[in-house]
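See below for the structure under consideration.
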Amino acid sequence: MMATGKGVGNETKAASKAGGVETETGPALGIANGGLQVIVLGPSGGPCEDNITGMLVRSTSASWGPDSMIAVDAGTLLCGLKYVLETSDDNGPFAGMVMPYKTAKANAAHILRETVGPVLVTHAHLDHISGFVVNTPILEASSGPKRLTALPSVIAAFKEHMFNEVLWPNLTDEDGGAGLITFQRLVEGGNPHMGRDEEKGYVRACEGLMTRCFAVSHGRCKQGYQQQHTTSTPDINPRRLSMPSSADPTMFQLDDPTLSMPSLSPATGQAPSSQSPREVYGTVESSAFFIRDHPSGKEIIIFGDIEPDSVSVHPRNRRVWEQAAPKIISSALRAIFIECSYDDSVSDEYLYGHLCPRHLIAELKVLAQLVAKIKHGADRKRKRVPSPTEEGPLDEPTSSKQRKGRTRSQSHAKDTPRKGRPSTVTFVDKPSSPLVAGGEGPDETDDGIGWSEKEKPLEGLTIFLIHIKDDMSEDEPVADRILNEVTNLAITENLGCQIRVPCRGENILI
């Protein structure tokens, strides 16, 4: 048996054995009660372009057929499909699917055209959309337009900045385009008129899958705007130079709306010629997708790029954790795919809207606190949490040296080799042993809610670290370093979750 993803420590191995099985084949998918299949086409955040962010998700209860799976982000899409087929025996994750062609590339194109339904996009940065855009020419042979599903701000970015006849032809079915792509605009936070009970707010994604999308923040965006324009460039739309796009009002959340434009002269209505452009600080909008298997009730969350609430000018992560916490209590939520782009040697000012181990663990502690609160029925007065504008982020070591000392000085127990056949299947499931309540000496947290040493509030949850940015050096692989740091911090905080780094082409069954 062989696994291509990585986990650290004996605790991770034990939890994996308790919760499921690892096997090198998987035509029958091995889950009697159904569940979710995740095929990792691209797990990284660059800079290499062949495996940047992209995943496929399907319900294992659904048969292979038209639109029977979804893509979540598409930095890598056709290239990832081709890689999986070329490096797998018996079609690997696609075992049981009838392949109409002899070559991997032709079958990859067939899967993209016919089997992959909606493409869910978290945000419109190139490392999350480039594969889809470049792959669009093969959609001409499809039976209908490919559906691109996202928040309105993301779709607006596609329309104005990508499918605009400048960077790429307008292949959409709007504004006189070619009609190869159609848009589905999601209601942020879920559509309250859709679904019932546990699926309230969810919309159908494909056969067997439901989804609900929340907006999250992905760092500040600084942009200068000028009202004065030269007349020597008539082909450039001056509106795009003078103001944020009117098509995407939620793309930027302004810190101070008064800074959005330069002041105008009362006499002329023009900005003084000596006045420099004003700078606008805004928050780039990203997304977190809850994806639910309708037959089994199992769920996962896939995040786009995300920054910690503790440093954000528009913190929105806690709302996602509030939705996730009761799903952990009910054993519905099994895995979270979340970015951890840099290791803890990177200071906050150079994270550029991303997470590192110390901030990821701080976010998971918020989730653990909410789980503990629900579990114990706690009704304590919350301790005051410093606002993001106050000096110093939460839970951050006081110096880079201290941060390194908490992680790199600890041993790095390697579970399985990173390189290997990518067509393996990892089963992720809820351990049968219940959480242990009570105990003495709870660890009080910033929310005033703690848990005892016997408790592990996130037990049964697997955290998959994605979007890791390779430093392209000959040193220890940055993925190993980040995995080690996150795992050690998770053990220190007694969270109980498994930590994994998925590999390109890995097949995960949940």
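The values are calculated or read from the model by the stated rules, or taken from the named source; none is laboratory data. Small disclaimer: the values here were computed from a predicted structure and weren't measured. Every residue, glycine as well, gets a Cβ built from its backbone with ideal geometry; the counts of neighbours run over all protein chains shown. All accessible areas refer to the heavy atoms of the entire protein, side chains included, with ligands and DNA or RNA removed. Shrake-Rupley method; radii C 1.70, N 1.55, O 1.52, S 1.80 Å.
Things to note:
- Answer residue from the range 296-311, given it is under 23 Å from Leu120 (Cβ atoms) and among the small types (Gly, Ala, Ser) and is surrounded by the fewest Cβ atoms within 10 Å (Cβ to Cβ) among those: Gly297
- Given (1) farther than 17 Å from Val57 by Cβ; (2) in contact (Cβ under 8 Å) with a residue 60 or more places away in the chain; (3) out of contact with any strand residue (DSSP E or B) (no Cβ under 6 Å at 6 or more places or on another chain), index of the condition Thr103 fails: (2)
- Counted residues, the range 39-58 - those being more than 16 Å from Pro477 (Cα to Cα) and outside any loop (DSSP other than H, G, I, E, B): 10
- When restricted to residues that are modelled with pLDDT of 95 or more, open to solvent by 20 Å² or more (accessible area, probe 1.4 Å) and not polar (S, T, N, Q), the range 181-196 contains 4.
- Candidates Ser63, Ser59: the one that is open to solvent by 10 Å² or more (accessible area, probe 1.4 Å) and either β-branched (Val, Ile, Thr) or over 15 Å from Leu112 (Cα atoms) (or both) is Ser63.
- Test: residue in the range 261-268 that is in contact with a Ser or Thr (Cβ under 8 Å, 6 or more places away or on another chain), over 15 Å from Glu363 (Cα atoms) and modelled with pLDDT of 50 or more: no
- Test: residue in the range 387-394 that is aliphatic (A, V, I, L, M), modelled with pLDDT of 95 or more and in contact with a Pro (Cβ under 8 Å, 6 or more places away or on another chain): no
- Matching residues in the range 62-86 - criterion: being polar (S, T, N, Q) and modelled with pLDDT under 95: Ser63
- Taken over the range 320-333, the criterion of being surrounded by fewer than 23 Cβ atoms within 10 Å (Cβ to Cβ) and outside any helix (DSSP H, G or I) is satisfied by Ser330, Ser331, Ala332.
- Taken together, the criteria place Lys82 among residues that are over 20 Å from Leu209 (Cβ atoms), open to solvent by 40 Å² or more (accessible area, probe 1.4 Å), in contact with a Lys or Arg (Cβ under 9 Å, 6 or more places away or on another chain) and of a type outside the set (A, V, I, L, M).
- The set of residues in the range 469-494 that are surrounded by fewer than 23 Cβ atoms within 10 Å (Cβ to Cβ), under 26 Å from Met55 (Cβ atoms) and not acidic (Asp, Glu) comprises Lys469, Met472, Pro477, Val478, Ala479, Arg481.
- Flag for Leu139 being of a type outside the set (S, T, N, Q), in a strand (DSSP E or B), open to solvent by less than 20 Å² (accessible area, probe 1.4 Å) and touching a strand residue (DSSP E or B) at 6+ places or on another chain (Cβ under 7 Å): no
- Boolean, Leu186 is free of Cβ contacts under 8 Å to residues at least 60 places away in the same chain and touching a Cys at 6+ places or on another chain (Cβ under 7 Å): yes
- Per the listing Thr182, Thr172, the residue uniquely under 20 Å from Leu56 (Cα atoms) and not aliphatic (A, V, I, L, M) is Thr182.
- Only a single item in (1) buried (at least 16 other Cβ atoms within 10 Å of the Cβ); (2) closer than 19 Å to Ala124 by Cα; (3) among the acidic types (Asp, Glu) is not met by Glu199, and it is number (2).
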